[in-house]
Amino acid sequence: MTLRLEIEGPVAHLLIDRADQRNAFNMAMWQSMPALLEQTARNSDLRLLVVRAAQPNAAFCAGADIKEMLAHKDDTSWRAANQAAINRAQYELTRHPLPTLAIIEGDCIGGGCGLALACDLRVATSVKARFGITPAKLGLVYPLHDVKLLTDLVGPGQAKRLLYTGMLIHAVEAQQIGLIEEITEKPQGLIDELLAASPHSIREMKRFVRRVLDGQSEDDPQTLDIFAQAFEGPDFAEGSAAFVEKRKPRF
């Protein structure tokens, strides 16, 4: 399978396994993603979703399968189905209830960059990893949803520079402009930190961040209730006990 799940304890790995095509996404892969995401969302034992290439040192994702697109460029029905599949997969990944982490070892370009943008956090494992959004070099247009994700991360100026030029940048510059959060050969350290934190806190704060990015700037009765109810939850009981006892919490 070119897109598949592997479960390791509390971590689900969404693996892109098409290295011979630089992990380019075809329509079948976009269409299969929502079911895989739903499967992980239903699993109460999971704490984190990692998106990465299945093969070590491979491209994260070189974008859409251009050969497939060219083969169907005159088929309006296929193009509409492909667009719908991309939009749905990106929307579902962006709003997945678990924290999501993209681990990027190689090229992360076009639709592949969109996948990384849809994750909560992005880590490059090499300074040689390259990032770019290249529709302007093909006469195409990047999806509005993904343009918003990009603009939210890097601001309108850097977003325009990347979109208008289709330029490729390396990991160091990507970190400097806020496209990725970290460069590390050992992303397990960040995974361990995420797993050590309260899953309730992460889940609700992820929802709060999404509300902010979608335009909300003031509390409403629901957000006030979520804040208040946390003091009565088991995670606060454990976290506060660990603080008093000067030990690490066990969530």
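Read-outs throughout are calculated quantities, based only on the coordinates presented, and are distinct from any laboratory measurement. Since the model is a prediction, treat every value here as computed from it, not as a measurement. Cβ placement follows ideal geometry from the backbone for every residue including glycine, while neighbour counts extend to all protein chains displayed.
Quick notes
- Residues of segment 48-89 with amide N under 16 Å of a point placed 7 Å along Cα→Cβ from residue 195: 48-51
- Rg over Rh for segment 31-90 works out to 1.07, both radii taken from alpha-carbon positions and Rh defined as the Kirkwood radius.
- Among the trypsin sites (Lys or Arg not before Pro) in segment 158-251, those placed in a DSSP loop whose Cβ has at most 12 other Cβ atoms within 10 Å are 246, 247, 250.
- You can think of it this way: the chain between residue 224 and residue 238 has 2.9 nm of extra reach, that is 0.36 nm per residue less the Cα-Cα gap.
- Neighbour-count ranking [beta-carbon atoms within 10 angstrom, fewest first] of 142, 164, 91: 164, 91, 142
- Going from the fewest other Cβ atoms within 10 Å to the most, the residues 42, 52 appear in the order 42, 52.
- Residues in segment 197-224 reached by a label modelled at residue 248 [backbone nitrogen below 13 Å; 7 Å Cα→Cβ]: 197-198
- Inter-centroid distance (Cα atoms) of segment 1-53 relative to segment 118-190, Å: 20
- Placing +1 on the Cβ of every Lys and Arg and -1 on the Cβ of every Asp and Glu, with no other charges, gives the chain a dipole of roughly 580 debye about its Cα centre.
- Segment 1-87: relative contact order in percent, alpha carbon pairs under 8 Å with at least 6 residues between: 34
- Straight-distance candidates among the lysines for linking to residue 248, with alpha-carbon spacing under 26 Å and chain neighbours fewer than 8 residues away dropped: 186, 206.
- In the chain, taking the dipole from charged Cβ atoms about the Cα centre, the farthest positive-side position among 242, 69, 100 is held by 69.
- The chain - mean residue ellipticity at 222 nm from DSSP helices (-39,500 (n - 2.57) per run, n ≥ 4, rounded to 500): -15000 deg cm²/dmol
- Relative contact order, whole percent, for the chain stands at 15, derived from Cα pairs under 8 Å and 6 or more residues apart.
- Dipole magnitude (debye, nearest 20) for segment 99-242, charges at Cβ of Lys, Arg, Asp, Glu: 860
- Debye-sum result for the chain in log10 I(q)/I(0), which assumes one identical scatterer on each alpha carbon, at q = 0.09, 0.16 Å⁻¹: -0.42, -1.23
- The overall shape of segment 198-245, judged from the alpha-carbon gyration tensor, is prolate: a/c is not under 1.5, and a/b is greater than b/c.
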